[in-house]
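Report on the structure given below.
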Amino acid sequence: MRATEGEDLDRLLDEQAAYYRALAADYLDQGLDFPGGDELAEALDAFQPTGSVLELACGPGVWTGRLLRYATDVTAVDASSEMLAIAAARVGDDRVRFIQADLFTWKPDRRYDVVFIGFWLSHVPAERFASFWSLVADCLTPAGRVFLADDAHRTPEELVEGPSSSTIRRQVPDGTAYRLVKVPHQPADLERRLRQLGWHIEVSSTAGPFYWGAGSLGKHPT
């Protein structure tokens, strides 16, 4: 990658982070009204994220409370202090440790039994896919497990660079527009890419644009 390409990607990721900071107060009103959301929650309950859980890109804590149904403790990381403040107020549980950090540069200070990735993987650019999953591996105990949930929804209006590009443009309620990454992963392709990196994660579609995956590194999921 040329230096200018790397700089362009850094600017895009900075803009993506700014979008979520600006959206924080209204994020909970932006949910996708599509079928299949309940299937994600059911899949997570069947997975049972027990032990110490790391939640990457926790946002306003939509999933944090559900993780606490099973987890001994949760470490919730997000780049936005605004999102973390909302999450802390919503969750109100001293078993949760909140960390503000850029997930593209953050290093864990311990390992976890489960890493949960909720609606974040699609915002990881292709150029950072392998390094992101290297981070996930560094966060897990030897027997650690992963659960991910996401969607592949992109509106025609967002595709300012065409459907072949992972860069989209979204607006916050005040009309300000931001560029961000939205990779429309397809379950079979995502499962294959993860397998190439040594992960055994089965990825399943739901009704609507959602998908979820569960598994581990270096062995078949149980």
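Here are the numbers for this structure:
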{"quantity": "Segment 135-222: C-alpha gyration tensor shape, a/c 1.5 cut-off, then a/b vs b/c", "calculated": "prolate"}
{"quantity": "Calculated [θ] (222 nm, deg cm²/dmol) that DSSP helices of n ≥ 4 give over the chain, each run adding -39,500 (n - 2.57)", "calculated": "-9500 deg cm²/dmol"}
{"quantity": "Span-rule helices in the chain, defined as complete DSSP H runs reaching 24 Å or more along the axis (Cα) with Kyte mean at least -1.0", "calculated": "3-23"}
{"quantity": "Sulfur and carbon atoms: percent of accessible area, the chain [1.4 Å]", "calculated": "48"}
{"quantity": "Rh by Kirkwood over Cα pairs, then Stokes-Einstein D for the chain at 1.567 mPa s and 4 °C, µm²/s", "calculated": "73"}
{"quantity": "Estimated inter-spin distance, V160 and D93, nm [label 7 Å along Cα→Cβ]", "calculated": "3.8"}
{"quantity": "E202 accessible area, assembled protein chains, probe 1.4 Å, Å²", "calculated": "110"}
{"quantity": "Highest-fluctuation residue, G92, G144, G61 considered, GNM on the chain with Cα pairs under 10 Å", "calculated": "G92"}
{"quantity": "Spatial separation of Cα centroids for segment 116-134 and segment 150-180, in angstrom", "calculated": "18"}
{"quantity": "F104 accessible area, assembled protein chains, probe 1.4 Å, Å²", "calculated": "50"}
{"quantity": "Nearest-10 value in Å² for the accessible area of L40, using the 1.4 Å probe", "calculated": "0"}
{"quantity": "Simple Cβ-charge dipole of segment 83-182, Lys/Arg +1 and Asp/Glu -1, about Cα centre, in debye nearest 20", "calculated": "160"}
{"quantity": "Relative contact order (%) - the chain, alpha-carbon pairs under 8 angstrom, separation at least six", "calculated": "21"}
{"quantity": "DSSP-defined beta bridges in the chain - what % are antiparallel, rounded to 5", "calculated": "45"}
{"quantity": "Assigned charges on the beta-carbon of Lys, Arg, Asp, Glu; the chain dipole about Cα centre (debye)", "calculated": "640"}
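The values are calculated or read from the model by the stated rules, or taken from the named source; none is laboratory data. These numbers were taken from a predicted model, which means no experiment stands behind them. Note: ideal-geometry Cβ built from the backbone for every residue, glycine included; neighbour counts use all protein chains shown. Protein only, heavy atoms only, side chains kept; ligands, DNA and RNA dropped before computing areas. Shrake-Rupley method; radii C 1.70, N 1.55, O 1.52, S 1.80 Å.
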